[in-house]
Each structure stands twice: as C-alpha cells, then as structure tokens.
Amino acid sequence: MPRFSASVSALRSSAIRELMSLASRPDIISFAGGMPGNELFPVDEIEELFRGLDTKTKQAAFQYGPTPGLPSLLESLGGFLEKKGLPLKSNRLMITTGSQQGLSILAKAFVDPCDRVLTEYPCFIGAIAAFRSAGAEIVSIPVDEEGLDIAMLRKEAARPDPAKFLYITPYFHNPAGMLYTSERKRELVEALQGRDIPLIEDDAYGDLWFSEEDRERLTPIKALDPEGIDICYMGSFSKILGPGLRLGWLLAPPAIYEKCELIKQSADACSPSFSQVIADAFIRSGRIDGYIAIVREEYKRRAACMVEALRQHLPTYVHWNEPKGGFYIWLTLPEGGDATEILKRAIEGGAVFVTGSTFDPDPSGQRNNTMRLSYCNNTPEEIERGIPIVARAIREVCG
Ligand SMILES: Cc1ncc(COP(=O)(O)O)c(C=O)c1O
C-alpha cells in the first residue's frame, strides 16, 4: 500500500463530482462550466500572428524561459496593466501557469498546516483547493450584493493571532457574480490597514464588464495602492484569450515576490514559453483590446438572454441578481431548499449547473440552498431550452 502524505490522504471526491460525471451525456445543456465558448477563440488571428514572427522568436517559443516570465511579455503585459492604474514600478510582476498557480504559490508562501486564512463565502473552488492542500484552516466571511461582510472582517482582523491572508474576487465574483462597491472596498482596506494580513485580490473577470457606468467600481484595490497593507494582485489570460494557454500573472510587493519566485522555480521552472510568445504577440499587435471588446459584447448578449429566461421561468421565491459582467448568476432558494436534489432532477431533464455548496469552504457543507448558473458557454437557443428544465426541477423540489 503506497504511504501517501497526510495532505493528499485528506483529499476526497465529493458527491457532487460524482453527480457531475452523470452529466457528460452529449445532449445535456451545461450551465456548469466557467469556460469561454470554443467558437470565441481568436484562432485565425493567432495563426496569422505566429506566422508573422521571426525565426528567433519562434525558436524561443519552444525553449525554456526565465522563471518569472519572458522579458518581452513582462514588458507588454506591464503596459496592459499600467492602463488599469496598477503600480508596476513599486511592485514585481510574475507570469504564472494560470492564475491557479498563483494561488498555489501564495498558499505555499504563507500557510503552515493549521494556519487560518480568510476567504469569502462563497469562494472560488480552485482557491479552496489550493489553500486546503497547503493545510490551511479556512475561515469564510459571507458576501452580500456589495461585497464582504465588513463587521465580521473587523472581528477577524482584531484577533491577537491574525489570519495569514484574506483572499477576495471583487470583480464579477465566481461564483456569486457580484461586483464590489467602491465603498465596500474602502471599508475593507480600512479594516486591514496595519493588521499584517496581506490581501490577495483575484481579478480574473474584471475586463468583462457590460456597462461603461460600472467601470469606476472596477479599479483594483491594488491600483489605489493603500498604505499599511500588502496586496498581491492576480489576473489571467484564461477569460480574455484562452485557458488552454495556462497563463496568469501575479503583481506583488518585492519581499513577497522574491519568495514566490523561489516557489515557482521548484514547481515548474517556467510557464509555457509557447503560450507566452503568443500572448506577447497578441498584446503587441494591439488586437487584445478589440478582442476583449468582442467577447464582452457576446457575454453581455448571453447574460441578457439568461436573465430574460430566468425572469420568465423561475418561481418568484428564488432570489438572484442581474449580472453586470463576468460569467455567472447566483441563485438563492428559500431556506431548506435542496440544490443537490434539484441538480439530480435537472440532469435527468437534460441540463446541469453547479450547486452552491461546492463553493463552501466549510467542509461540513450545511448550506445547500444556492446554485451557480453560467451563461458563458451557451448559445441563446441553448439557454432558452435549458432554463425551463432547471426551473421545472426547482418547482418539483421546492414547490
Ligand atoms: C476567480 C478565479 N480565479 C482564478 C481562476 C483560475 O484561472 P486560470 O488558472 O485558468 O488562470 C478562475 C478560473 O475559473 C477563477 O474563476
């Protein structure tokens, strides 16, 4: 019998994961994944860009590269991020193998087994997995429609043994879909200042806004550069170019960056050079902004279609918000609603989503009355066929 480590022995496949494997029928309509539509990828543009590169650059694409990233991409990405007001000069930028790797690196940098870390409730599942596998004890703080519960954050921040960090996804949250207000971000900063609790600000979806008027709320906390708080800002090419590239980034204060670079060296030496050459060419060609504008419009169209279908078909006792950007809509059922049973029935009917308990950092998983629907990977026609199936399953279970 192989003698596995304590951390891997504690990993369990969830009942939900087993349910989801039933959902691999080709005819099923999936509102489960957080992935871009395949038909949206800029395949022709990338082919043309790669063909146009000189031989030296093409060869470098097949070669190992420096651990923090190819200098050319660090420069072009730095320019892209500076337009968001991010403080590139006083911080260091690192390319990561997806922003998922950034989460694993930060977990390794800060967490010893049984250390407390703070997250939102609900929380991106990849972050829960990364923090758990480092042995963290996760304390989750609920979010409402404007952001994190500040009273609870203040209580946690005032403890004599403060948590190792706070992780948040303030811009088109995964899974809750919402966008933090500027006021809530200001209160969050005040609660953390001088507390020695670094902030991990995950901005995987911020470019996918639907309305100009929300843009002010999208200014990263990192861009405000508040005093007395270390902020590690993370982003990704996954939702604005393609997750198959496996490229993300981490912008961190120098002392944190140095540890992260050492950790990355032992993890994978460098992120894929091929992807980095492509991402660099895409930014330098000036096509990235136009492409983001196209996908933004498409996700807006899909979101509007799902909103319309939910308005038509959902019972009024289900609470949900119109998305302002990103990929997700979060549904809250009445107290005691059984999202697992609804999922079972929806799968039988031909549609699948993710139960909210999947995003609950509390392993006892008592809360089961929420659901996440994503609209990013469905045609309007699929949305119009799939939402009535989900609505029917809700009525069957909740009445
Ligand atoms: C909030 C959030 N952060 C990070 C990631 C990880 O993205 P990637 O590793 O593909 O860059 C995702 C992916 O869905 C996400 O939703």
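FYI, it's all coordinate maths here, none of it is from the lab. Note that the structure is a prediction, hence the values are computed from the model and not measured. When we count neighbours, we look across all protein chains shown, and the Cβ atoms used for this are built from the backbone with ideal geometry, even at glycine.
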Practice problem: Quickly estimate the mean residue ellipticity at 222 nm for the chain, helices only: each DSSP H run with n ≥ 4 gives -39500 (n - 2.57), and the total goes over all residues, rounded to 500. | Solution: -13000 deg cm²/dmol
Self-check item: Relative packing of 76-87, 271-282, which averages over residues the other C-beta atoms within 10 Å, highest first
Solution: 271-282, 76-87
Self-check item: D268/Q312 FRET efficiency (R0 41 Å; Cβ-Cβ; nearest 0.05)
Solution: 0.30
Practice problem: Rounded, prolate or oblate: pick one for the stretch 41-190, where a ≥ b ≥ c are the square roots of the eigenvalues of its C-alpha gyration tensor, a/c under 1.5 means rounded, and failing that, prolate if a/b is larger than b/c, else oblate. | Solution: prolate
Exercise. For each pair in K56/K89; K56/K83; K222/K259; K83/K155; K108/K324; K58/K239, compute the distance between the two Cα atoms and list the pairs where it is over 31 Å.
Key: K83/K155; K108/K324
Self-check item: Protection-proxy order for peptides 53-63, 254-264, 347-357, each taking the mean of Cβ atoms within 10 Å per residue, highest first
Solution: 347-357, 254-264, 53-63
Quiz item: How high is the FRET efficiency between H319 and K89 when r is their beta carbon distance and R₀ equals 35 Å, given to the nearest 0.05?
Solution: 0.20
Exercise. Pull out the extension gain between I292 and R159, defined as 0.36 nm times the separation in residues minus the alpha carbon to alpha carbon distance; nm, one decimal.
Key: 43.6 nm
Quiz item: If you take the C-alpha gyration tensor of the chain, multiply each eigenvalue by 5 and take the square root, what semi-axes do you get, largest first, in whole Å?
Solution: 32, 27, 21
Quiz item: Label 7 Å along Cα→Cβ of A151; the stretch 114-135 residues with amide nitrogen under 18 Å?
Solution: 121
Quiz item: Where both residues lie in the chain, what percent of DSSP beta bridges are antiparallel, nearest 5?
Solution: 60 percent
Quiz item: Could the peptides 220-226, 239-245, 46-52 be put in order, highest first, of the mean number of other beta-carbon atoms found within 10 Å of their residues?
Solution: 239-245, 220-226, 46-52
